[in-house]
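Report on the following structure.
A short reminder: the numbers here are calculations on the coordinates, not readings from a lab. On a predicted model such as this, the values are computed, not experimentally measured, just so you know. Heads up, the Cβs are rebuilt from the backbone with ideal geometry, glycines too, and the neighbour counts pull from every protein chain shown.
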Amino acid sequence: MNDVYIVSAVRTPVGKKNGYLREWKAPELLACVLDEVVRRADIDPVLIDDVINGTVYQVGEQGFTLARMGIFASSLPDSVPGLAINRQCGSSLSSIQVGFGMIASGMMDVVIASGCEIMSKYPIGSDTDGTLPDGRPQGNPFGEFYVKRVDGKLYNQGMAAEAIAEKWGISARDCQELAVASHRKADQATKNGYFKKEIMPMKGLDKEGNEIIVETDEPIRPNTNIETLATLDPALGTKMITAGISSPVTDGSSAVMLMSEKKVKELNMTPLARIKANAIVGSEAYLILTGPIDATPKVLKNAGLTMDDIDIFEVNEAFAPIPLAWAKELNAPLNKLNVNGGAMALGHPVGNSGCRLSITAIHELIRREAKYALVTLCTGGAMAPATIFERA
């Protein structure tokens, strides 16, 4: 297989629910990162073989083939095609993996992998509501076959997170401490300018509707504390899962440019990172969110590495019990986990998160002059992609 490099990587600041990005249309938001990732790479966009975009709720302005609509909204030429990916929360990491496969196989040389999700407009469940054109109910994807597969344990993701906490002996206090640490690390990373190279300043609206320029992530709450988190009411039919130990509803977009080694040399590029290995797993259906526990050893095996070789782990904080169970099961050091904060602080625009996590991990590898970062996310439907990046 051909080696595949990341030569450019950029994201928007994450917007909170009904925050600064609330009036953006998805194709135009995606177009911003497409144009910027090309500008940073400083290549002729006619060289781009494909744009692959991950979005979960592919309806309305996020529907059709958002990658292609993003191209039309951008300055990229009509010759660039687009592909839509949906692996739930792992969608944009899977976009990177599909781009990797296209280049590693020799089929392509330059691919943009991206993610985009505007949850302020299209919240969870947007693709399961509504009616067909003839008035019949649209129907729900979770039929009797799914109920049978999970042996009647039809959990929503909050219930699954609580079941995971119970199975791995994780307390509400453990979750609250992780949430506080997530906000603290994200706030400190922002103040220290650690995200500055990965974020492109974006136009948006303040609460009053005035145009503003945003350069930092909106969801971070630096004053988060245990005492306040302990007063929050449980949600999603659970006894312990609260909004404070869950990722907030957010908006955002991101993109990376992947390039073959041949094209890197031909264009005299200076890559940011190399993709060392990829993996994808399906996990226990009723627990839904345990996939990273299985994906991590699989991607390590594919890379010929061990846990000790990894400098940075980005394990998505969809709910606090997920990374905590992952760390317990794999005996992972918490000081290497989500080192600049996770999704509880930085947000989780679902289809965008895999690419966002990858961009953050790559830039942190460069800042630290470290070698390997492992990125993984749990997903709806009980799956998890995982990718290891090596600093170039």
Span from the the stretch 294-363 Cα centroid across to the the stretch 52-89 one, whole angstrom
26 Å
Could you give the length gained by full extension between Ala243 and Asp309, i.e. 0.36 nm per residue of separation minus their alpha carbon distance, to one decimal place?
20.3 nm
For the stretch 137-181, which chymotrypsin sites (Phe, Trp or Tyr not before Pro) are both in a DSSP coil and crowded by at most 13 other Cβ atoms within 10 Å?
Phe142
Please work out the Cα center distance from the stretch 188-244 to the stretch 158-183, rounded to the nearest Å.
19 Å
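How much mean residue ellipticity at 222 nm does the chain get from its helices, if each DSSP H run of length 4 or more adds -39500 (n - 2.57) and you divide by all residues, to the nearest 500 deg cm²/dmol?
Working: 12 runs with 129 residues, N = 392.
For the chain, the value works out to -10000 deg cm²/dmol.
Could you work out how much longer the chain between Val46 and Asn18 gets when fully extended? Use 0.36 nm per residue separation minus the Cα distance between them, nm to one decimal. All intermediate terms of the calculation are to be shown ahead of the outcome.
Values: separation 28, 0.36 × 28 = 10.08 nm, distance 3.58 nm.
That works out to 6.5 nm of additional length.
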In straight Cα distance, which lysines are under 26 Å from Lys191, not counting same-chain residues fewer than 8 positions off?
Lys16, Lys17, Lys203, Lys207, Lys336, Lys371
Protection proxy (average C-beta count within 10 Å per residue), highest first, orders 127-133, 85-91, 266-272 as 85-91, 266-272, 127-133
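Compute the Cα gyration tensor for the chain, then decide on rounded, prolate or oblate, letting a ≥ b ≥ c be the square roots of its eigenvalues: rounded whenever a/c is under 1.5, prolate when a/b is larger than b/c in the other cases, and oblate in all that remain.
rounded
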Given charges at beta-carbon only (K, R positive; D, E negative), |dipole| of the chain in Debye:
520 debye
Here the residues of the stretch 364-392 lying in the modelled label zone of Phe145, meaning backbone nitrogen under 16 Å from a point 7 Å along Cα-to-Cβ, are 381-382
For Lys298, list the aspartates and glutamates whose Cα falls under 18 Å from its own Cα; do not include residues on the same chain fewer than 8 positions away.
Glu284, Asp308, Asp309, Asp311, Glu314, Glu329, Glu390
Looking at Ala327, Val264, Asn210, which one has the Cα that reaches farthest to the positive end of the dipole of the chain (charges on Cβ: Lys, Arg +1; Asp, Glu -1)?
Ala327
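Among 97-103, 173-179, 73-79, what's the highest-first ranking by average C-beta atoms within 10 angstrom per residue? Please list the in-between numbers first.
On the way: 97-103: 22.6, 173-179: 20.3, 73-79: 14.4.
Peptide ranking by packing, descending: 97-103, 173-179, 73-79.
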Going by how many other Cβ atoms sit within 10 Å of their own, how do Val46, Val214, Val111 line up, fewest first?
Val46, Val214, Val111
I need the calculated FRET efficiency for the pair Ile226 and Glu369, taking r as the beta carbon distance and R₀ as 35 Å, to the nearest 0.05.
0.50
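Rounded to the nearest 5, what % of DSSP beta bridges with both residues in the stretch 235-392 are antiparallel?
Numbers: 16 of 21 bridges.
Counting only bridges with both partners in the stretch 235-392, antiparallel ones make up about 75 percent.
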At 7 Å along the Cα-to-beta-carbon direction for both Asn331 and Glu28, put a label point, then send me their distance in nm to one decimal.
5.4 nm
Exposure proxy check: Phe389, Phe319, Phe72 ranked by fewest other beta carbons within 10 Å?
Phe72, Phe389, Phe319
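Pairs of Cα atoms under 8 Å, at least six residues apart: use those to get the relative contact order of the chain, whole percent.
On the way: 951 pairs, mean separation 109.0, N = 392.
So the answer I get is 28 percent.
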Determine the percent antiparallel among the DSSP beta bridges restricted to the chain, to the nearest 5.
70 percent
What distance in nm lies between label points placed 7 Å from Cα along the C-beta direction at Ile212 and Phe72?
3.3 nm
Which order do the peptides 158-165, 36-43, 356-363, 58-65 take when ranked by the mean count of other beta-carbon atoms within 10 Å per residue, highest first?
356-363, 158-165, 36-43, 58-65
The stretch 38-110 - convex hull of the alpha-carbon atoms, volume per residue in Å³
93 Å³
